[in-house]
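What follows is one structure encoded as structure tokens, with my remarks underneath.
The values are calculated or read from the model by the stated rules, or taken from the named source; none is laboratory data. This structure is a prediction, so every number in the text was calculated from the model and none was measured. So basically every Cβ, Gly included, is an ideal-geometry build from the backbone, and we count neighbours across all protein chains shown.
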Amino acid sequence: MQTVVFSAIGQAMQCLQRPELEPGEGQAIVQLQAAGLNRRDYWITQGKYPSIRTPVVLGSDGAGTVTQVGPNVSSSWLGRQVVLYPGIDWGQNPAVQGPSFRVLGMPDDGTFATSVAVPDESLFDKPAHLSWQEAAALPLAGVTAYRALVVQGNVQPGQQVLITGIGGGVATFALQFAVAAGAEVWVTSSSTRKIQHAVSLGAQGGFNYRQTGWHKELLESCGPMDLVVDSAGGTGYGDLIQVAAPGARLVSYGSTAGRPPELDLFKVFWKQLKLIGSTMGSPDDFAAMLDAVHRHQIHPVVDQVFSLDDAATAVAHMADCPQFGKLVLNCRI
Ligand SMILES: NC(=O)c1ccc[n+]([C@@H]2O[C@H](COP(=O)([O-])OP(=O)(O)OC[C@H]3O[C@@H](n4cnc5c(N)ncnc54)[C@H](OP(=O)(O)O)[C@@H]3O)[C@@H](O)[C@H]2O)c1
């Protein structure tokens, strides 16, 4: 089988041949058609991720066909077209992942390969209306967006929702799920082109987070937000507190721009705000997300497809965030 191996921080990932995988107890082998990229893959190659272990095959997202099953895995999976839940060992508590939870693609070998070995709990039928590339774009970003917006954020029809950094893979799914839920969705971005793209997906409009005072413009033209879904944090987090309506929820699932340097706690308690953290999602959240994708016939936004051989170029491409939505690798060679 062909793999793309990340050997050390500062070294480019390399294509290497490895022996074919054999399924262990409770595992299945999936011959991959496509793999999705996430900012996690970029952070790891940059050495900006906790507990990096090498050598490793990165990649948390994949879609393909089950070719082998190990002991104690139902043979009914053989030949099925699947999309992979990107976590391992969430645990029993729906409110939070357990201590052995980890993400596929470090420390366990992931999907930047022609095949992957996964626990059978990771197997879910691929939504029939999606192409292989769309299906591979879905798992990590889709479940993160669904949990942040629906499970933690409790989005409701007619509510005003702000989604920041709309070019991001997770943010784009959050927009699609929020529009499907009947919310009035506003976005922020560094790019006018990306705001226009968001409007074509159902957003009401958007604001450039790099322009000082954008939050005042938003309050004047749209009024306060009932729900804010953010992955940036940083100095701009204070603006999100400003645009939040009394009683609003602010859900954070990332901190791309770093820690907020200061928090106006007076506004937090006076406005009775709920600051909520969210990370990926449980297998039940994943199943609910797939159900929403099916019911609303949502198509993930795939910005660009690279060949597996070009995985290193694809990961490096994420450095300046030029994409709108997801980058995908074609794993058939
Ligand atoms: N907790 C979890 O389970 C989880 C899961 C997935 C991702 N994450 C984290 O969430 C973040 C986004 O992940 P992703 O995979 O969606 O990344 P991505 O596809 O690479 O998107 C990154 C986007 O972040 C936006 N951004 C950058 N700086 C910003 C700022 N100062 N203010 C607002 N937006 C800003 C940009 O939007 P524009 O291009 O529109 O300007 C950019 O396109 C990363 O930090 C990632 O590590 C966490």
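Numbers at a glance
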| item | result |
| --- | --- |
| Ser200 vs. criteria within 16 Å of the ligand (Cβ to nearest atom), within 30 Å of Val82 (Cα to Cα) and of a type in the set (Gly, Ala, Ser) | yes |
| Residues located in segment 318-328, provided they are under 18 Å from Trp43 (Cα atoms) and at pLDDT 95 or above | Gly325, Lys326, Leu327, Val328 |
| Residues of segment 1-55 satisfying the condition of being within 24 Å of the chain's Cα centre (by Cα) and among the basic types (Lys, Arg) | Arg39, Arg40, Lys48, Arg53 |
| Residue satisfying all of: in segment 139-165; in contact with a helix residue (DSSP H, G or I) (Cβ under 7 Å, 6 or more places away or on another chain) and closer than 18 Å to Leu37 by Cβ; surrounded by the fewest Cβ atoms within 10 Å (Cβ to Cβ) among these | Gly165 |
| Verdict on Gly182 being within 15 Å of the ligand (Cβ to nearest atom), at positive phi and not assigned by TED's automatic domain parsing to the domain that holds Trp90 | no |
| Scan of segment 19-50 for residues that are within 30 Å of Pro71 (Cβ to Cβ), in contact (Cβ under 8 Å) with a residue 40 or more places away in the chain and either surrounded by fewer than 16 Cβ atoms within 10 Å (Cβ to Cβ) or acidic (Asp, Glu) (or both), ordered by number | Glu20, Glu22, Gly24, Glu25, Gly26 |
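Let's see how each residue does on (1) among the hydrophobic types (A, V, I, L, M, F, W, C); (2) crowded, with 18+ Cβ neighbours inside 10 Å; (3) touching a Lys or Arg at 6+ places or on another chain (Cβ under 9 Å); (4) in contact (Cβ under 8 Å) with a residue 60 or more places away in the chain:
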{"residue": "Val66", "(1), (2), (3), (4)": "yes, yes, yes, no"}
{"residue": "Gly70", "(1), (2), (3), (4)": "no, no, no, no"}
{"residue": "Gln81", "(1), (2), (3), (4)": "no, no, yes, no"}
{"residue": "Gly91", "(1), (2), (3), (4)": "no, no, no, no"}
{"residue": "Met106", "(1), (2), (3), (4)": "yes, yes, yes, yes"}
{"residue": "Val116", "(1), (2), (3), (4)": "yes, yes, no, yes"}
{"residue": "Asp120", "(1), (2), (3), (4)": "no, no, no, yes"}
{"residue": "Lys126", "(1), (2), (3), (4)": "no, yes, yes, yes"}
{"residue": "Ala137", "(1), (2), (3), (4)": "yes, yes, yes, yes"}
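Matching residues to (1) crowded, with 17+ Cβ neighbours inside 10 Å; (2) touching a strand residue (DSSP E or B) at 6+ places or on another chain (Cβ under 6 Å):
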| residue | (1), (2) |
| --- | --- |
| His197 | yes, no |
| Ser200 | no, no |
| Ala203 | yes, yes |
| Arg210 | no, no |
| Gly213 | no, no |
| Leu227 | yes, yes |
| Asp230 | yes, yes |
| Gly233 | yes, no |
| Gly236 | yes, no |
